[in-house]
Amino acid sequence: MILSNYISGEWKHGKGEGIPLIDPVNGEHLAHASSDGLDLAQALEFSRERGTRGLQRLTYLQRAELLSKIAEVLTGHRDDYYEICLRNMGATKGDAAFDVDGAIYTLKQYANAGQTLHGQTMKDGARVPLSRTGVFQAQHFLKPLEGVAVLINAFNFPAWGLWEKAAPAFLSGVAVFVKPATPTAWLAQKMIEDVVKAGILPDGALSIICGAPGDLLEHVTAHDVISFTGSAATASKVKTHPAVLTHSVRVNIEADSLNSAILGADPPGTQPFGLLVKEVVKEMTQKAGQKCTAIRRILAPRKSLDQISEASATALAAIPVGNPRNSAVKCGPLVNKAQQKSVIDDIVQLKRECTVIFGGDDGFQPVDADSASSCFIQPTLLRCDDPLRARLVHEIEVFGPVATIMPYDTVEEAVELARRGHGSLVASIYSDDAKFKQEVTRGLATTHGRIMVVDSSVGTQHTGHGNVMPSCLHGGPGRAGGGEELGGLRALELYHRRFVVQGPPELLNELCENTTDISALHG
Ligand code: NAP
């Protein structure tokens, strides 16, 4: 099968054989992707001229209705998507749900949030007085971008990664041009095929290229926005692309992250201790640890380290790893041989500073799969006893089922260690100690996009360390890319330009007619 590209309102094959997509459980070639030879300059122009203009003839409310219809179409094809997740990613049912149902849920959330928006422009905040008598005032507004949203995505969330960006872009009235990561492009391509067939969106509102990015970035303009998710290394190429620099193209980056889970002085037998262990094991094995938000470092008081290690290792030993076609399996493979090799190499690096508590077995045999042709990694828990002097554990993001436990002696040290990730997407804190929760939260505020605090009063009702809620901010500073996504209607700002009008109040009153104040909607 060749994955077709959808650009300029037509399905088109790229030239050549293309790049193979495989089944990571048995190595079978499933499809090929090629974007070679496509006229991407013309395709982007088509998206701007037909897609964005078509969307902007509608109101926010009408576009919210489009999101509901997209969610409906995707829901109708859920079984197909689960099958693709299984074949192209070796996803368990739970892993597929996390991506596919997470995408549909996010679309529905934006469809609901859009019900509160009127008109075609938004105002932002209150009137600003600029003169003594009030005859000269200012009002800030937000107007949708005139260009196209170029969405470049990572391989690990082909569904959620696409729709969590596309939902706020469409609600804003901006056409979407998707470049999924090639190894898992099939799912994104199939979803787009289904939405295109359903005839919901104006021509040019939704396009996709499967395969290499080619000269895509050479044709971006000042009116466009690039929303990128992937490694810090690729992010740096995107940000410094000459066309991006020349035209000051807006770029949002979601990149690597060495997220932490931090336990207070809560001993075994307490709820925080048990909840941390449960979360660590879930984060290591869900999607085989291929999540940007997964727990990579576990920080615990030195005296609890042995008990945390033991409890986590026991829980990991009970997780069957292998072919997800076997319903007992709870942890699948990595996406391909390149990722498997990268994780093996990274573990070798980390072993220079760590000992192995669980996993790391060279003779590891996955359930119902051949270890030679498949892409499995045994969940591996490491321990670093001197994390203040260590460097690699705070620098290498092992993108697989791997995490490192490390001790701290004081609260300040716990904060210092978590901050050594140089900017992270998320940290989670587990404790019933009020002072500890406050100090750590305050200490991490400027280096983490999201901080999740769990104590006995929250218990199992928390939404999860690695789970990104559409109503809450996603993104982190520094190494995590410095981007911001989601956060409810805050996400729409990326797809709008803010401007201020200074003038007589009568004009401002007229301009404010049928607008919604976005600042009042930030719940
Ligand atoms: P990647 O290799 O950096 O690729 C990301 C995307 O960029 C892919 O679509 C890739 O296309 C494309 N790309 C590669 N070179 C490019 C270039 N020169 N110009 C434009 N686009 C280019 O990342 P990945 O391996 O797919 O994903 C894993 C990484 O993503 C991990 O580091 C993970 O932490 C991060 N991630 C972050 C988040 C977040 O929200 N912060 C979420 C998920 C994943 P090809 O596939 O065709 O090369």
Would you mention how many residues in the range 218-236 are near the ligand (Cβ under 6 Å from one of its atoms) and modelled with pLDDT of 95 or more? 3
All positions within the range 330-352 that are in a loop (DSSP other than H, G, I, E, B) and open to solvent by 50 Å² or more (accessible area, probe 1.4 Å): LYS330, LYS351, ARG352
If LEU388 meets every condition in (1) farther than 29 Å from LYS437 by Cα; (2) in contact with a helix residue (DSSP H, G or I) (Cβ under 9 Å, 6 or more places away or on another chain); (3) assigned to a loop (DSSP other than H, G, I, E, B); (4) hydrophobic (A, V, I, L, M, F, W, C) apart from one, which number is that one? (1)
Condition met for ASP432 (in a loop (DSSP other than H, G, I, E, B) and out of contact with any Gly (no Cβ under 9 Å at 6 or more places or on another chain)): no
Contact list please: Cβ distance under 8 Å, first residue in the range 477-498 and free of Cβ contacts under 8 Å to residues at least 40 places away in the same chain, second residue in a loop (DSSP other than H, G, I, E, B) and of a type in the set (Ser, Thr, Tyr), pairs at least six apart or on different chains. GLY487/SER471
Can you tell me how many residues within the range 483-515 are within 30 Å of PHE177 (Cα to Cα), crowded, with 17+ Cβ neighbours inside 10 Å and not small (Gly, Ala, Ser)? 11
Check on LYS287, part of a helix (DSSP H, G or I), within 16 Å of the ligand (Cβ to nearest atom) and surrounded by 16 or more Cβ atoms within 10 Å (Cβ to Cβ): yes
Please verify whether the range 473-481 includes one or more residues that are closer than 30 Å to GLN290 by Cα, small (Gly, Ala, Ser), touching a helix residue (DSSP H, G or I) at 6+ places or on another chain (Cβ under 8 Å) and open to solvent by less than 40 Å² (accessible area, probe 1.4 Å). yes
GLY114 being in contact with a Phe, Trp or Tyr (Cβ under 6 Å, 6 or more places away or on another chain), outside any loop (DSSP other than H, G, I, E, B) and open to solvent by 10 Å² or more (accessible area, probe 1.4 Å): no
Just need a number here: residues in the range 389-431 that are farther than 21 Å from PRO379 by Cα, open to solvent by 10 Å² or more (accessible area, probe 1.4 Å) and β-branched (Val, Ile, Thr). 3
Filtering the range 197-213 down to residues that are touching a strand residue (DSSP E or B) at 6+ places or on another chain (Cβ under 9 Å) and under 19 Å from ILE2 (Cα atoms), which residue is farthest from the ligand (Cβ to nearest atom)? SER207
Please work out if SER68 is among the polar types (S, T, N, Q), open to solvent by less than 10 Å² (accessible area, probe 1.4 Å) and in a helix (DSSP H, G or I). no
Quick one: would you say THR246 is open to solvent by 20 Å² or more (accessible area, probe 1.4 Å), within 10 Å of the ligand (Cβ to nearest atom) and either closer than 30 Å to LYS437 by Cα or not aromatic (Phe, Trp, Tyr) (or both)? no
Here is a check on your reading of the model: is TYR105 open to solvent by less than 60 Å² (accessible area, probe 1.4 Å), assigned to a helix (DSSP H, G or I) and out of contact with any strand residue (DSSP E or B) (no Cβ under 8 Å at 6 or more places or on another chain)? no
Can you find, within the range 28-51, the residue that is nearest to ASN336 (Cα to Cα) among those that are among the acidic types (Asp, Glu) and part of a helix (DSSP H, G or I)? GLU45
For residues that are touching a Lys or Arg at 6+ places or on another chain (Cβ under 8 Å) and either open to solvent by less than 10 Å² (accessible area, probe 1.4 Å) or near the ligand (Cβ under 10 Å from one of its atoms) (or both), tally how many sit in the range 249-284. 10
Anything in the range 319-353 that is more than 15 Å from PRO379 (Cα to Cα), away from the ligand (no atom under 16 Å from the Cβ) and not polar (S, T, N, Q)? List them, or say none. PRO324, ARG325, ALA328, ARG352, GLU353
Selection status of GLY90, farther than 26 Å from ARG497 by Cα and touching a Gly at 6+ places or on another chain (Cβ under 7 Å): yes
Would you point out which residue out of ASP306, ASP266 is touching a residue at least 40 places away in the same chain (Cβ under 8 Å) and not hydrophobic (A, V, I, L, M, F, W, C)? ASP266
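The values are calculated or read from the model by the stated rules, or taken from the named source; none is laboratory data. Everything numeric here is computed off the predicted structure, so don't read it as measured data. Reconstructed Cβ throughout: ideal geometry from the backbone, glycine too, with neighbour counts over all protein chains shown. Accessible surface areas use protein heavy atoms only, side chains included; no ligands, DNA or RNA. Shrake-Rupley method; radii C 1.70, N 1.55, O 1.52, S 1.80 Å.
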